[in-house]
Amino acid sequence: MGLPLFARISGLMIASLAVPAMLLAQDYPPDLSRGKAVYERHCLSCHGTSGRGDGPAAASLRVAPANFQRFGSFLKSDEELLRTIEHGIVFSPMHSWRGQLTDEEMSDVLAYVRFLSQQAR
């Protein structure tokens with residue numbers, strides 16, 4: 001029937017101390033200034049300086065870029081926005097940034113997008 005619950009939990013706790021902890025994105029808090037730099041380098045041309053979707057390349061796109069100052073963007077979860085940054089949106093100019101940005105850069109730019117979305121509040 002196996003080990004008692006206490007023994008299994010104790011064993012897991014001891015094993016977790018012996019193995020170095022995995023570094024997760026939340027171990028490194030997002031940095032707004034780094035996020036702004038990533039945004040300016042990769043996102044500004046479509047989403048614009050203030051995140052309204054009015055960047056210099058926006059007019060030439062068939063699908064309008066997201067306006068981060070709209071209430072709908074404000075309501076999206078961090079996970080939803082991060083998934084969009086990481087994987088893009090099918091049938092839109094928003095492509096995947098996985099492989100081009102590190103996890104930390106995606107987390108940083110998410111923090112900056114959040115900052116832009118709160119500017120309209």
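For segment 71-88, what are the residues that are without any contact (Cβ under 8 Å) to a residue 24 or more places away in the chain and either surrounded by 13 or more Cβ atoms within 10 Å (Cβ to Cβ) or in a loop (DSSP other than H, G, I, E, B) (or both)? Result: Lys76, Ser77, Arg83, Thr84, Glu86, His87, Gly88. Select from segment 89-121 the residues that are of a type in the set (Phe, Trp, Tyr) and crowded, with 18+ Cβ neighbours inside 10 Å and list them in ascending order. Trp97, Tyr112, listed by residue number.
All of Pro93, Pro65 fail the test of being in contact (Cβ under 8 Å) with a residue 24 or more places away in the chain and touching a His at 6+ places or on another chain (Cβ under 7 Å), apart from Pro65. Would a scan of segment 23-45 turn up a residue that is modelled with pLDDT of 95 or more and in contact with a Gly (Cβ under 7 Å, 6 or more places away or on another chain)? For segment 23-45, residues modelled with pLDDT of 95 or more and in contact with a Gly (Cβ under 7 Å, 6 or more places away or on another chain): present.
The values are calculated or read from the model by the stated rules, or taken from the named source; none is laboratory data. Treat the numbers as computed from the prediction; the structure is a model and nothing was measured. A quick note on method: Cβ atoms are made from the backbone with ideal geometry, for glycine too, and the neighbour counts reach across all protein chains shown.
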